[in-house]
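Structure, as structure tokens:
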Amino acid sequence: MEKYGMKTIVKYLMTVAIPLISCAGCQEDDLKATKISDGIYVGTFVRDAIWVDDENIANITITFSSNTWTGASDIIKYPALCNGTYSINGDKIIFENDCAWTAEFDWSLILSGEYDIKEINDNSIEFHRDYRSETSDTFVDIYKIYRQLK
């Protein structure tokens, strides 16, 4: 112990032992990478708003491949799908949208940012973003898609 000195031992603990100890509290879900099975997914998008009786339901297609996505809707810019990348962390999916958009529509309809995954398995995915708050009754965007089987 005298050979290495107290400063060397402290430096070792700071660089090796502390990161190992801090990761001991990590949940297994945070450490394991979740991935959506590559394929073409079809389904629906709806913006659920409490003040609207007749909601528009769009038929959508999203193709996932190696953490990238491309999408289309049967209603123009509802939702605004194009292409980009995605990542999953626990029960959240984060979309990056790589397309340029014009200003004439509601940009909250762009598939971009963080969404909660309600259900994910090999053949179906449901994710949503809740815009409601304690001071505002706005809306929830809900995507329900199912992988097309060959």
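Below, the figures for the structure above:
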quantity: Solvent-accessible area per residue, Å², over segment 110-150 with all protein chains present [probe radius 1.4 Å]; calculated: 63 Å²
quantity: Rel. contact order, % - alpha carbon contacts under 8 angstrom, at least six apart, segment 91-150; calculated: 26 percent
quantity: Environment charge at Asn56 (Cβ cut-off 15 Å; Lys +1, Arg +1, Asp -1, Glu -1); calculated: -4
quantity: Non-local Lys pairs in segment 24-150, i.e. 8 or more apart or on different chains, that have alpha carbons under 21 Å apart; calculated: 10
quantity: Percent carbon-and-sulfur accessible area, segment 36-150, ignoring ligands, DNA and RNA, probe 1.4 Å; calculated: 49 percent
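The values are calculated or read from the model by the stated rules, or taken from the named source; none is laboratory data. No experiment lies behind these values; they were computed from the predicted model shown. Note that we place each Cβ from the backbone using ideal geometry, even for glycine, and neighbour counts take in every protein chain shown. For accessibility, only protein heavy atoms count, side chains too; no ligands or nucleic acids. Shrake-Rupley method; radii C 1.70, N 1.55, O 1.52, S 1.80 Å.
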